[in-house]
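Chemist: Attaching a single structure in structure tokens format; questions to follow.
We did not get these values from a lab; they are worked out from the coordinates using the rules stated. Because the structure is predicted, anything quoted here is derived from the model rather than measured. Every residue, glycine among them, receives a Cβ derived from its backbone with ideal geometry; neighbour counts consider all protein chains shown.
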Amino acid sequence: MTYGKLIRISLLITLLILALSIFFIAGNHGWIEKNYANGFYPGLSRFLRILFGWIPFSLGDILYSIVSVSVLWQLGKFVVRLFHKTDSWRKKLTPLLTAGIILLFVYVYFYLFWGLNYYRQGIEQQLGLKNGKFDKQQLIDLNNYLLLQMNSRKEICLQKKDTTMNNDRMFQSALQGYQTLEKQFPFLRYKHASLKPSMFGEIGNYVGFQGYYNPFTGEGQVNTAIPNFLQPYVVCHEMAHQIGYASESEANFVGFLSATHSNDTLMQYSSYLDMFLYAWGNLRAVDSTAAKQFGDQLHPGVKRDLVAYRKFVTDHRTFLSDWTDKLYDYYLKQNRQRKGIESYGEVTGWVLAYHHKYGLK
Ligand SMILES: [Zn+2]
């Protein structure tokens, strides 16, 4: 056996053992909450943010590109060798094995360095909240509350002629929101920022992502090519992923709490707008007449933003975004988020439960 082959087989066996261990650990949510989400992960993520946060561009995006090109290269090599009659089957299959090892490595790294947070107990256990059923009246009350907050923030911003945020202000305001929130809930502490615009912004618009967390480098990525009024809330959402909330509804909820604790009115507006859209959608599903009445009460400035948002979505809707939506939906369902893409909307349940227990800011 050659030296290279020995390394490849040892790597494959190690990765398979780690993948199996991840599979078995994932079932023990209490253990993960205690030892991973509140043990290993916070230190690791802080270390990654310190290590890569100062780099002005996204290292993670470059890594993603290298890995994608490497896998495609190996697959291309496999296809070419398939047509080489003189090549042995062993030689034909080697690129496929290499691609498999790269993908298995990505899988193991992803779950060990972040993805196990999908299997923690999270907000339910930490805040003692139950994301259960809610009735129509509760939804109407929440819509009313969010509408008032959103409309008033829009009015203030328009009066101050403050309608867009640059990246530095957005990241600073988000950080300040988390620092204020930490005083009430120390476990939501966020230190050592690592927030960057995504290199794939325009592509992202067609694929349909607004932001993402990169577990390989600890960087929080924001798609700065989406409408500006959406971006501040996306930053807070990605920061929630960075501190270990993998579930989308929980990241939405923690992002909402932090953004509304920020002193920046534009940041607050962005989060109230997003949350209102979730709660409004929930209400429309049970009572379209009541939902329409809320639509009539929107501030004209909010209406303009919603028209711009709708146009943005329509302009970028392609077969590619339909396809990636399905793939992402499947991915979320495989990671303990029963409702897939719709699980983002479960944030309404968290906000209502929080409202009931603590009152809203
Ligand atoms: Zn997310």
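Chemist: Going by amide H atoms built from the backbone, whose H comes under 5 Å of the H on Gly211, apart from near neighbours?
Modeler: Amide H neighbours of Gly211: Asn223.
Chemist: How fast does segment 106-153 diffuse by Stokes-Einstein, in µm²/s, taking the Kirkwood radius from C-alpha pairs at 25 °C and 0.890 mPa s? Mind dumping the intermediate values first?
Modeler: Working: Rh = 14.2 Å.
Answer, rounded: 173 µm²/s.
Chemist: Something else now. Calculate, axis by axis, the spread of Cα positions in segment 1-157 along the three principal axes, and write the results as whole Å, longest axis first.
Modeler: 73, 39, 37
Chemist: Next question, about the same structure. Using Cα positions and a limit of under 17 Å, work out the lysines in reach of Lys326, with same-chain residues fewer than 8 apart set aside.
Modeler: Candidates past the 8-residue exclusion: Lys339.
Chemist: Also, quick follow-up: Using Cα pairs under 8 angstrom and six or more residues apart, how large is the relative contact order of segment 3-119, in percent?
Modeler: Averaging sequence separation for qualifying contacts and normalising by length gives 46 percent for segment 3-119.
Chemist: OK, next. Determine ³J(HN,Hα), in whole Hz, for all residues of segment 136-142 in sequence, where each value follows from phi through the Karplus function 6.51 cos²θ - 1.76 cosθ + 1.60 and θ = phi - 60°; x replaces Gly and Pro.
Modeler: Computed from phi, the couplings for segment 136-142 are 5, 4, 4, 5, 4, 4, 5 Hz.
Chemist: With the chain treated as a Gaussian network of Cα nodes joined by springs under 10 Å, which of Phe57, Phe24, Phe200 yields the largest mean-square fluctuation?
Modeler: Phe24
Chemist: Could you pull out every residue, at least 5 positions away or on a different chain, whose amide H is within less than 5 Å of the one on Leu195? Hs are placed 1.01 Å off N in the peptide plane, and Pro or chain starts have none.
Modeler: Gly220
Chemist: Also, I was wondering about something else. Report, in whole Å, the centroid distance computed from the Cα atoms of segment 142-199 and segment 229-293.
Modeler: 11
Chemist: Further question: ³J(HN,Hα) across segment 74-85 via Karplus (A = 6.51, B = -1.76, C = 1.60, θ = phi - 60°), whole Hz, x for Gly/Pro?
Modeler: Result, ordered by residue: 5, 5, x, 4, 4, 5, 4, 5, 4, 8, 8, 5 Hz.
Chemist: Which one of Ser271, Ser258, Ser152 has the biggest mean-square fluctuation once the chain is modelled by GNM with Cα springs under 10 Å?
Modeler: Ser152
Chemist: By a straight-distance test (C-alpha under 27 Å), which lysines pair with Lys91 as possible cross-link partners, with residues fewer than eight away in the same chain excluded?
Modeler: Qualifying lysines at Cα under 27 Å: Lys5, Lys77.
Chemist: Rounded to the nearest 20 Debye, what is the dipole magnitude of the chain about its Cα centre when Lys and Arg each give +1 and Asp and Glu each give -1 at the C-beta?
Modeler: 880
Chemist: Mean-square fluctuation check for the chain, GNM, Cα pairs under 10 Å: which of Gly220, Gly211, Gly30 is largest?
Modeler: Judging by the Gaussian network model, the answer is Gly30.
Chemist: Tell me, what ³J(HN,Hα) does each residue in segment 88-101 have, in order and in whole Hz, if you take phi through Karplus 6.51 cos²θ - 1.76 cosθ + 1.60 with θ = phi - 60° and put x for Gly and Pro?
Modeler: These are the phi-based 3J(HN,Hα) values: 6, 4, 4, 5, 4, 7, 4, x, 5, 5, 4, 4, x, 5 Hz.
Chemist: Counting only residues 5 or more places away or on other chains, whose amide H sits under 5 Å from the amide H of Ile55 once H atoms are built in the peptide plane?
Modeler: none
Chemist: As an exercise, use a Förster radius of 35 Å and the Cβ-Cβ distance of Asp315 and Ser288 to find the FRET efficiency, rounded to the nearest 0.05.
Modeler: Numbers: r = 26 Å, r/R0 = 0.75.
Result of the calculation: an efficiency of 0.85.
Chemist: For segment 242-361, place one equal point scatterer on every Cα, skip the solvent, and apply the Debye formula. What is log10 of I(q)/I(0) at q = 0.19 Å⁻¹?
Modeler: Summing over Cα pairs of segment 242-361 leads to -1.34.
Chemist: Mind checking Rg over Rh on the chain, alpha carbons, Kirkwood formula for Rh? Please report the intermediate quantities before stating the final value.
Modeler: Numbers: Rg = 22.4 Å, Rh = 22.1 Å.
On the Cα set of the chain, Rg over Rh gives 1.01.
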